[in-house]
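Computed from the coordinates by the stated procedures, all read-outs in this text should not be read as laboratory data. Everything numeric here is computed off the predicted structure, so don't read it as measured data. Backbone-built Cβ (ideal geometry, glycine too); neighbour counts: all protein chains shown.
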Amino acid sequence: MRDEWCNWPVVDETTGWETVQQILTDAELSDGLPLVPPTRRRLDAMVAGVADRMASHGMMAPMFGELTPEAVAYQCVISGCRPGELPVVLAAAAATLEPDFNLLGIATTTGTACVALCVHGPIARKLGINSGTNCLGPGNRANASIGRALQLVIRNIGGARAETGDMATMGQPGKYTFCFAEGSDGPFPTLTARRGLGIDASAVTVMGISGTAEVLPGDGEGATPEAILSPIVTAMRAGIVMSSMHRKNERGEQVVLLPLEMVQKIARHDGWDLARVQRYMFEEGQGIARSADAIHPILTGGAGYKMTYLPIWGGGSETVTRRV
């Protein structure tokens, strides 16, 4: 019986829990949280539906390990994923290799950048990825495990370990896990529709972000579109200053998460479709993004009128969307 999988340890079914944790810690595979024992049975089950387990999807920064389904499957097992979630993690990991995403910069910066993952369409619903209440918080295994698997891929395949590839001065909790789903029942087109993949396509979007910021409407629950959107614009302006982007001539993208209640309030006003929302924010912000359609409102979250701004890392990164 083999005892390695892509040069990582495979443990016997009878190996004690504490022993497994020490083996994985000694192999520098741990993110500090308990890990699922990588047994041969679990690993084989994870890749059972993969045609070519060793197919190369490219080399992953910062230390340029090879991204293969078999290598990603190992991270999925130890993070607690189920076999049906491997394609999502693999698609997300492959998306981070796009040059404009700038994974090398995100992984090695002394700043707080991390990779956030948004899952779209039927695959998100099939896997039970939360797009409702507390979608960025604890309580949902799929969100937690899929997001954690992606971070472990970056750590264990890409080599972004503290003081080796990852040089973050402080880091952020999103480096443990950051995964949520886009809602599909709102009045505005989904992100996949905007990007030409279809209204309800199964896809993933990776975003290099510096953190999260809660934003409230300007008049409590937000009676007008302007009252809802103006504080978001203010947050984006502040984010540009805080990240030192104001020193640069170029502007990139902006991402904001809106709950259904807020989107419906906006859409109830005549003429306030997605394009007008983006145009208003672009014009009000005077330089917060390169163009109006580079501002990405994403529907997610539960009841209430709290919104979340996701500032794109100031060092430069483009969001990437890929089919699953």
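Quick notes on this one:
- Surface/4 of the Cα convex hull for the stretch 88-169, nm²: 5.8 nm²
- With respect to the chain, whose longest principal axis is taken over its alpha-carbon atoms, helix 69-79 is tilted by about 80°.
- Degrees, to the nearest 10: 274-285 long Cα axis against longest axis of the chain: 80 degrees
- Charge dipole (debye, nearest 20) of the stretch 47-158; +1 at Cβ of Lys and Arg, -1 at Cβ of Asp and Glu: 440 debye
- Per residue, the convex hull spanned by the Cα atoms of the stretch 1-125 measures out at 133 cubic angstrom.
- Degrees, to the nearest 10: 225-242 long Cα axis against longest axis of the chain: 60 degrees
- A convex hull fitted around the alpha carbon atoms of the stretch 146-246 yields 161 Å³ per residue.
- Only Lys, Arg (+1) and Asp, Glu (-1) charged, at Cβ; the chain dipole about Cα centre in debye: 320 debye
- Scattering curve values for the stretch 184-243, log₁₀ I(q)/I(0), Debye with Cα scatterers, q = 0.26 Å⁻¹: -0.99
- Using the Cβ of THR234 as centre and a radius below 15 Å, the other residues enclosed give a net charge of -4, where K and R count +1 and D and E count -1.
- Sorting 262-273, 222-233, 109-120 by their mean Cβ neighbour count within 10 Å, with the most densely packed peptide first, gives 109-120, 222-233, 262-273.
- Our compactness index for the stretch 210-314, the C-alpha radius of gyration over the empirical 2.2 N^0.38 Å, is 1.00.
- Overall Cα dimensions of the chain, principal axis frame, Å, largest first: 67, 40, 33
- Candidates GLY183, GLY158, GLY302, ranked by Gaussian network fluctuation over the chain, Cα under 10 Å, top entry: GLY302
- Cβ-placed point charges (K, R +1; D, E -1), dipole of the stretch 210-314 about Cα centre in debye, nearest 20: 340 debye
- Bridge type composition, the chain - antiparallel percent by DSSP, nearest 5: 70 percent
- Each part gets one Cα centre, and for the stretch 170-244 versus the stretch 292-308 those centres are 4 Å apart.
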